[in-house]
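Here the structure comes first, spelled out in C-alpha cells, and everything after it is commentary.
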Amino acid sequence: MAQQSKKSKSRLWFLVHSWLALPIWFFVLIVCVTGTLAVVSQEIVWLANPDVRASKPNDDAERLSFQQVLDALKQAEPDMAVRYISQPDGSHFALNAAVTFPDGTAPILYVNPYTGAIQGKSPDFNFEGFTRALHGWWLVPFTNGYSWGWYLVSLLGLPMLASLVTGLVVYKRFWKGFFKPTLRFNHGARIFWGDFHRLSGIWSIWFIAVISITGTWFLIQALLADNHITLSTEPITPVIAREDVPLSDSKAPVPRIDLDEATRIATTQVPGLDVTFAQLPSNAYGHIYLGGRGWYPLMFQTASVNPYTRKVDASFLVGDRSALEFVTESMRPLHTGDFGGLAIKLIWAFFGLLLSMMVLSGLLIWTKRTAQATAAALKRADRTPRATKVTGEAATEMQP
Amino acid sequence: MIFKAGRLVLPLLLLACAGPALAHNPMCQCEPVDGERIKCTGGFSDGSGAPGVTLDVIGYDETVLVPGKLGDDSTLTFKRPDGEFYVLFDAGPGHVVEIDHADIGEP
Amino acid sequence: MSQARDAVTAPSPLKQWWLKWRFHLNILLLLIPLGFMPKYFADAKMFRGESGLGANPIENIAVGPWSISLSELLAEAPRQDGPAGYFKAFNASLCSSCGSEVKAAYLRIGKPRSLRAAGTIFFGNPHRMSTSLPVPARTRADAELWITLEGWDGSLHQASVPLAKASPATLAWLNKQGGKP
C-alpha cells in the first residue's frame, strides 16, 4: 500500500514536471535562446564589426589615459560633447565613448585605446541591446516603472526552479548518472532524447539553479522598485552646493580638473579603486564619477570627485555593501555571466545552449510519448465503440 | 535621477539597455502635528531617505524663518510660523521641493 | 484508463477549451514582441537622439542674451513616480554660441521665487539636455512654464512659455483631473 502511494506520488511529480513548461514551451525556448545569445552578444559584435576591436598600431603601443582620449576626441570633433568613456571588460574591445553631436544625436563612438582614433559609431541596430531587451522584457516598453514584459519573463524563474526540483525527484538516484553517463544512440530518437534530457539535466543542476534563482530575483527586484522600496545602502551624494562653485570673472566656465587628475585623486584617496569608466559632470553642479570592478568581481566600486574642490565627495566600495546587498547585487552578474571575462561567458553560453536543448528534448519526449499513448488509446477506442473521440484527447492530457 | 545620478549609470553601462532610467525624484511631505507644529519628511522616490538634507522654512518676503536640516529619520519638526511661508526641501541646485503653507492643512 | 472514462462522462466546456487551445498560448506570447518591435525600434531611435528633440518643440525661446529650444520627451500626460507625485520629462538644447556661457538651466511651473527655488535642473550637455518636471495636480490650465538660465558669471535670465503650448497632453490631463488637489 505504501509502495502504491509512493508510486502514484512519483507519477504525480512526473506529470507536474511534464506540464511545467509545456503549454508555453516555445516562449521558454525563445527566452533560453535569446538569453544564450545575450551572454555572448558583445563577442558576436566583436566578431562581426571591426570597429569595436582594439587593434594595436604596433607592438609597443601604450594605452592612452582617459584624458588623452578625451583630448583626441575633442580634436577630431571640436563641437561634440562627451558624456562618458568606458573600457568594456576585456582589452580586446575598443573604448566606448558616449557623445552628443550639435544636432542632438547621441551615439556611442568606438575609440581606439592606443591612438584615440574614432573607429566607428554604434550602428542603428544595436544587437546587444536588442537580444537583451527581447530576453529581459520581451520588448514590452517601460512606461511606468518596470515593463510587464519584465514580469512575464522573470516569472519563468519559478517554473524553472520547480522543474529542476521535480526533475530530480522523478529521476531516482540521479547522482548515479554522474558515474555512469548514458547516452544511447542506437535505440531510436525517443531513447536518445530521454538520455540526453537526463544527462544534460544532471550536469546542469548548478546552472539551472543559478539561472532560476537569479531570474526570480529579477522578479523581486521589479516588485521592490515598483513599490518604491530600496535595499541600497549607497550613501546619498549631494550635488555640489551653489556656494562651492566659484563664480567666473568672465562669461567662460570656471576651470574644472581633468579626468586624469580626477582619476589620480580618486585612486590615491580610495585604496583599491580601479577606474575603467569615467562619467563627466552632467551639469555644473555634478561630480566626475569614476569606477570599475572591485576585488570581488561581481561588484563595481565608484567614487565621485568634486571637480572644483578636488575632494572625493563620495565613494561606494565592495566593503561598504551590507550582507544583504552582497547577495542581491551578485544576482545580476551571476545571471549574465559577465564577471570573469570570456571564459565564464563561454561556460554560461554553453550551458545556456544546453538548457535550450533541454526544453526541446523535453518537448520531443513528450510528443513521442503522447503520440504512442494516443495511438494506444485510439486502438482501445476501436474495440470499445462506446468510447468516443474524446478518449484520445483525454489520454493525451493524462499520459506523461 | 537626482542625487543618485551616478547609481543609474552602472546598470545602463552594464545592460546597455535602451530602456529609460528609473528616476529617483526628490520628494517631501509636510503635515501638521499637535496643533501648532509641522512635521516634514524628505526622501527620494526609490524609497531612500534624506538625512542631513537642508530644509528651510521661508517667508513670502524671502526671509528664512526656520533654517534646518533633516534628522537621521529624514524628518524635521518645527513650530508653524505666523503669516505666509513655504517649505523648501533643498538638496542642492535644481534638486528642490517646494511646499506652500496653504498645502499644509490644519490638524 | 480510468481518467479517460472520467473525461468521457464529464468533459467540462472549460476543459475542452483548454485542451483545444492550450498550445496556442505560444502564439499569443510570440505576438507580444512582434507587436512591440516597431515601438522598440522607434524608442531606440529616440534615445539615440535621431527623432529630434522631442514632441511639440518650441524653438529658440529668447532668454536674455541667450536662447533655448524646449520640447517634451513624449506627447503624453505626466507619469506618476509613486509617492513623489507626477512628473513630465522635457528636453532642451541651447543655442550653439551660448552653450559655453550658460552654467545651468532650470524649469518650473510658475514664476520662481528665487534662484534656490528655480525648479528642476537640466542634465546633459548644451546640445541635448533633459529634466523631469514635477507637475502638481492642482496646476492651473493657464500656467506658464518658466525657464531660468544661470550664467557662469552669475547672471540670471528668465523666460516663460505657456504650459498648454509646451505640452498639450499635460493640459488635457489637468483638465481631466478637474483641478483636484
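Just so you know, all these numbers are worked out from the coordinates, no wet-lab data involved. Model, not experiment: these values are computed from the prediction. A quick note on method: Cβ atoms are made from the backbone with ideal geometry, for glycine too, and the neighbour counts reach across all protein chains shown.
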The protein assembly as shown, helix-only ellipticity at 222 nm - DSSP H runs n ≥ 4, -39,500 (n - 2.57), divided by all residues, nearest 500: -12500 deg cm²/dmol
Roughly how many debye, to the nearest 20, is the charge dipole of segment A:53-122 about its Cα centre, given +1 on each Lys and Arg Cβ, -1 on each Asp and Glu Cβ, and no other charges? 140 debye
Dividing the alpha-carbon radius of gyration of the protein assembly as shown by 2.2 N^0.38 Å (N being the number of residues), what value is obtained? 1.14
Could you please report the charge total around C:VAL63, scoring K, R as +1 and D, E as -1 over all other residues with beta-carbon less than 12 angstrom from its beta-carbon? -2
Which residue, A:ARG380, A:ARG53, A:ARG332, has the most motion in a Gaussian network model of chain A that connects Cα atoms within less than 10 Å? A:ARG380
Quick check: pseudo-label points 7 Å beyond the Cα along Cα→Cβ at A:ILE213 and A:ALA376, how many nm apart are they? 3.9 nm
C-alpha long axis of helix C:24-47 to longest principal axis of chain C, angle in °: 10 degrees
Cα-based convex hull volume of segment C:32-119 per residue, rounded to whole Å³: 142 Å³
Of the listed links A:LYS121/C:LYS111; A:LYS251/A:LYS311; B:LYS69/C:LYS45; C:LYS15/C:LYS39; C:LYS20/C:LYS45, those spanning more than 32 angstrom between alpha carbons are A:LYS121/C:LYS111; B:LYS69/C:LYS45; C:LYS15/C:LYS39; C:LYS20/C:LYS45
Count the net charge of all other residues whose Cβ sits under 12 Å from the Cβ of C:ARG116, scoring Lys and Arg as +1 and Asp and Glu as -1. -3
Place +1 on the Cβ of every Lys and Arg and -1 on the Cβ of every Asp and Glu in the protein assembly as shown, take the dipole about the Cα centre, and give the residue among A:LEU363, B:GLY42, A:ASN186 whose Cα lies farthest towards its positive end. A:ASN186
List the residues, sorted by chain then number, that are 5 or more residues from C:LYS103 or on another chain and whose placed amide H is less than 5 Å from its amide H. C:GLU150, C:GLY151, C:TRP152
³J(HN,Hα) computed for each position of segment A:172-186 - Karplus, 6.51 cos²θ - 1.76 cosθ + 1.60, integer Hz, glycine/proline x: 5, 6, 4, 5, 5, x, 5, 8, 10, x, 10, 8, 8, 8, 9
Most fluctuating of A:THR309, A:THR105, A:THR267 in the GNM of chain A (C-alpha, under 10 Å) is A:THR105
For C:SER155, net neighbour charge (Lys/Arg +1, Asp/Glu -1) across residues whose Cβ lies under 10 Å away: -1
Under a 10 Å cutoff between Cα atoms, tell me which one of A:GLN269, A:GLN75, A:GLN279 has the largest fluctuation in the Gaussian network model of chain A. A:GLN75
Quick one, what does Rg over Rh come out to for chain A if you take C-alpha atoms and the Kirkwood Rh? 1.10
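So for segment A:262-320, Kirkwood radius off the Cα pairs, Stokes-Einstein at 4 °C and 1.567 mPa s: how many µm² s⁻¹? Provide the component values of the computation, followed by the final result.
Details: Rh = 11.3 Å.
This corresponds to a translational diffusion coefficient of 115 µm²/s.
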Could you give the DSSP H helices of chain A that reach 27 angstrom or more along their long axis (alpha carbon positions) and whose average Kyte-Doolittle hydropathy is no lower than 1.0? A:205-226
